[in-house]
Every structure is written in structure tokens, then in C-alpha cells.
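A.B. asks: This is the structure, below, for whatever I ask next.
The values are calculated or read from the model by the stated rules, or taken from the named source; none is laboratory data. The model shown is predicted, which means the values in this text are computed figures rather than measured ones. All Cβ positions, even for glycine, are placed from backbone atoms using ideal geometry, and neighbour counts span all protein chains on display. Surface accessibility is based on the protein's heavy atoms, side chains included, excluding ligands, DNA and RNA. Shrake-Rupley method; radii C 1.70, N 1.55, O 1.52, S 1.80 Å.
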Amino acid sequence: MRFLFLCLIIICLSCTTTPKRQSTFFGGHIVNPNSNVVILEHNDQLIDTIPLDTNYNFSYEFSPEEESIYTFHHYPESQTIYLNPGDSLVLRVNTLEFDESLSFGGTSSQENNFLIDMFLMNEQDNDLVLSYYKIAPGHFIEKTDSILDLRHQDLKKLNSKAKFTSYFKNIAKLSIDYEHYDMRERYAFLMKKYVPTTFDEFPNQYFKYREHIDFNTTHLTSNFSYMRFLDNFLRNKSIENCDVEDRD
């Protein structure tokens, strides 16, 4: 199967004999498929339903006007991808370990492998918050700020080699930042629910980031970190508002 995947990459890249492709290619190989199609969406709008062939490969060409984040679905799983006009991007995924097995080749592969790596690290943060919620707020801030700094450093190093576009650098930075904010929101919720007395120890600047967040960032509607942050932010705000009403 890996041989088929590599062959697909070679075929895709061999099509780029001109300085710039006129269309964008997206294809790949699904191991242990759950259905016979892959669905491609942009900003929650269907672009197309792409069939798998008898070898469980798929291929699709279209002509986007600008670089953007897309979502591909293979029921019941989904994941985001980055595409730039003229790209030839291919993926390989095993549905038995969908996110963990997902890998990319071709143009913009570094961007897309970065996105899936970020997603997997963010998933690990779920366990991190659960293990940290019993520690003092000041200690939690130190731990999560350290994680934030390390991820920004990693992005800076990767960008020095990959030379990301300004658009993608912004997407990558925001993914890191919103995951950090989401960890703050989840920790606050757990403390308020299970250790409410400790909530009085929160520094005054703990929620300072809320003051400069854009809650109408339409180009992040497919971003996992951003959407999960919004969910947890709204949950916390609802609790805070209820507390105020109860005091009144």
C-alpha cells in the first residue's frame, strides 16, 4: 500500500512540468475505507463528493482562486487541509487510526503535516489539563506558557526551512494561540466545578487574552483549536453570567 501511495505522489508531481499548475490537485489512498467516497468542503460549503476507485485511491482537480483551509471527510472522520492554487497534494490514511496515521506528500506537505501534528499535540493537551487541574493557578500558567513558547519556537524553526506564506504563518500561529487559550478555559471550568475555593486564587490577568480575541474569524471556522476554544469560552461565560444573576 505504501508503494501505491508513493507512486501516486510521483504521478502527481510529474504533472507539474510547467512553472505553475493551472489547477489544484488533491488525491490520496484510504486504507480500510468506511465508505466509497471522500467529501471536500470549504467554510462548511460542499465542493464535491469524490469517489474511491477499486484500489481505494481518489483524485480530484479544481481551481481555487486563493490559498485557504479546507475540510475533507471520510465518514465518520474528518480533518482540515491547507491548499494553495496550483498545489499537488496527496495523503495516506488508515481509518483504524485516522488522525495518527494521516500523512501528506507533494506540494504544501510541510504545511499539512504541521497541521496534523498540531492537532495530535492538542489532543494530548486534553490529558494534560486533566492532570494539571489540581495544581495551583500560578503553576498551571507557568506550565502552559512554557508549552506556548516551545510551540512558537518550533513554528519559527520550521518556517525558516519551509518559507511558509504569510497566510499560513498566521493560521499556524493562531492555531497555537487558540489552543493555549482553550487550555486556560478548560482549566478554569474544571477548577470552578471541582475546586471552587481555588478559583479565588486566579490572577487578575488570567483572562486578559479575551480582550483582544476576534470572535468573528471566519477563516478559522474549520480550525479545531479555534472552535473548541469558542465552545469552552461560551460555557464559562454562561456560568459566570449565571453566578452574577444569582448574586443579584
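A.B. asks: Can you name the residue in the range 114-134 that is surrounded by fewer than 18 Cβ atoms within 10 Å (Cβ to Cβ) and among the charged types (D, E, K, R) and, of all such residues, is farthest from residue 91 (Cα to Cα)?
C.D. replies: So the residue we want is 134.
A.B. asks: OK, next. Go through the range 98-113 residue by residue and tally those that are surrounded by fewer than 19 Cβ atoms within 10 Å (Cβ to Cβ) and under 14 Å from residue 30 (Cα atoms).
C.D. replies: Here the count works out to 5.
A.B. asks: Looking only at the range 135-151, decide whether some residue is surrounded by 15 or more Cβ atoms within 10 Å (Cβ to Cβ) and within 22 Å of residue 109 (Cα to Cα).
C.D. replies: Within the range 135-151, one or more residues are surrounded by 15 or more Cβ atoms within 10 Å (Cβ to Cβ) and within 22 Å of residue 109 (Cα to Cα).
A.B. asks: I would also like to ask the following. Inspect the range 166-186 for any residue being at pLDDT below 85, touching a helix residue (DSSP H, G or I) at 6+ places or on another chain (Cβ under 9 Å) and not charged (D, E, K, R) and give the result as yes or no.
C.D. replies: Checking the range 166-186: not a single residue is at pLDDT below 85, touching a helix residue (DSSP H, G or I) at 6+ places or on another chain (Cβ under 9 Å) and not charged (D, E, K, R).
A.B. asks: For residue 95, state whether it is in contact (Cβ under 8 Å) with a residue 60 or more places away in the chain, surrounded by fewer than 20 Cβ atoms within 10 Å (Cβ to Cβ) and among the β-branched types (Val, Ile, Thr). Before you say what the answer is, go through the steps one by one.
C.D. replies: Details: in contact (Cβ under 8 Å) with a residue 60 or more places away in the chain: yes; surrounded by fewer than 20 Cβ atoms within 10 Å (Cβ to Cβ): yes; among the β-branched types (Val, Ile, Thr): yes.
Yes: the conditions hold for residue 95.
A.B. asks: So which pairs qualify, if the first residue must be in the range 227-242 and at pLDDT below 90, the second must be aliphatic (A, V, I, L, M), the Cβ gap must be under 9 Å, and the two must be at least 6 apart or on different chains?
C.D. replies: What qualifies is 227/220.
A.B. asks: Within the group 163, 193, which residue is closer than 18 Å to residue 109 by Cα, open to solvent by 60 Å² or more (accessible area, probe 1.4 Å) and more than 17 Å from the chain's Cα centre (by Cα)? First the steps, then the outcome.
C.D. replies: Working: 193 fails: closer than 18 Å to residue 109 by Cα.
Only one candidate qualifies: 163.
A.B. asks: Can you tell me which residues in the range 53-73 are touching a strand residue (DSSP E or B) at 6+ places or on another chain (Cβ under 6 Å), in a loop (DSSP other than H, G, I, E, B) and open to solvent by 50 Å² or more (accessible area, probe 1.4 Å)?
C.D. replies: 56
A.B. asks: Further question: Please go through the range 78-92 and pick out each residue that is open to solvent by 20 Å² or more (accessible area, probe 1.4 Å) and over 15 Å from residue 223 (Cα atoms).
C.D. replies: From the range 78-92, those open to solvent by 20 Å² or more (accessible area, probe 1.4 Å) are 78, 80, 84-85, 92; that's our starting set.
Once the filter is applied, which keeps residues that are open to solvent by 20 Å² or more (accessible area, probe 1.4 Å) and over 15 Å from residue 223 (Cα atoms), the range 78-92 yields 84, 85, 92.
A.B. asks: Determine, yes or no, whether residue 154 is exposed (fewer than 15 other Cβ atoms within 10 Å of the Cβ) and either closer than 30 Å to residue 110 by Cα or touching a residue at least 40 places away in the same chain (Cβ under 8 Å) (or both). Show your work before the answer.
C.D. replies: Details: exposed (fewer than 15 other Cβ atoms within 10 Å of the Cβ): no; either closer than 30 Å to residue 110 by Cα or touching a residue at least 40 places away in the same chain (Cβ under 8 Å) (or both): yes.
Here the answer is no, as residue 154 does not meet what is asked.
A.B. asks: While we're looking at this one, here's another question. Kindly provide the set of residues from the range 74-105 that are among the small types (Gly, Ala, Ser), under 23 Å from residue 159 (Cα atoms) and part of a strand (DSSP E or B), ordered by number.
C.D. replies: In the first step, residues of the range 74-105 are kept if they are among the small types (Gly, Ala, Ser); the result is 78, 86, 88, 101, 103, 105.
Then keep just the ones that are under 23 Å from residue 159 (Cα atoms); that gives 86, 88, 103, 105.
Across the range 74-105, the qualifying residues are 88, 103, 105.
A.B. asks: Got at least one residue in the range 212-222 being within 18 Å of residue 141 (Cα to Cα) and either touching a helix residue (DSSP H, G or I) at 6+ places or on another chain (Cβ under 8 Å) or aromatic (Phe, Trp, Tyr) (or both)?
C.D. replies: Our first condition is that a residue be within 18 Å of residue 141 (Cα to Cα); within the range 212-222, this holds for none.
No, the conditions are met nowhere in the range 212-222.
A.B. asks: Got a sec? Which of 13, 4, 46 is within 19 Å of residue 93 (Cα to Cα), of a type outside the set (Phe, Trp, Tyr) and either modelled with pLDDT under 95 or assigned to a strand (DSSP E or B) (or both)?
C.D. replies: Details: 13 fails: within 19 Å of residue 93 (Cα to Cα); 46 fails: within 19 Å of residue 93 (Cα to Cα).
That would be 4, the only listed residue that is within 19 Å of residue 93 (Cα to Cα), of a type outside the set (Phe, Trp, Tyr) and either modelled with pLDDT under 95 or assigned to a strand (DSSP E or B) (or both).
Here is a yes/no grid of residues against (1) under 26 Å from residue 44 (Cα atoms); (2) crowded, with 19+ Cβ neighbours inside 10 Å:
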| site | (1), (2) |
| --- | --- |
| 184 | no, yes |
| 203 | no, no |
| 208 | no, no |
| 227 | yes, no |
| 240 | no, no |
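A.B. asks: Find all pairs meeting these conditions: Cβ atoms under 6 angstrom apart; at least six residues apart or on different chains; first residue within the range 195-211 and closer than 14 Å to residue 178 by Cα; second residue open to solvent by less than 60 Å² (accessible area, probe 1.4 Å).
C.D. replies: Listed by first residue and then by second, the contacts come to 209/181.
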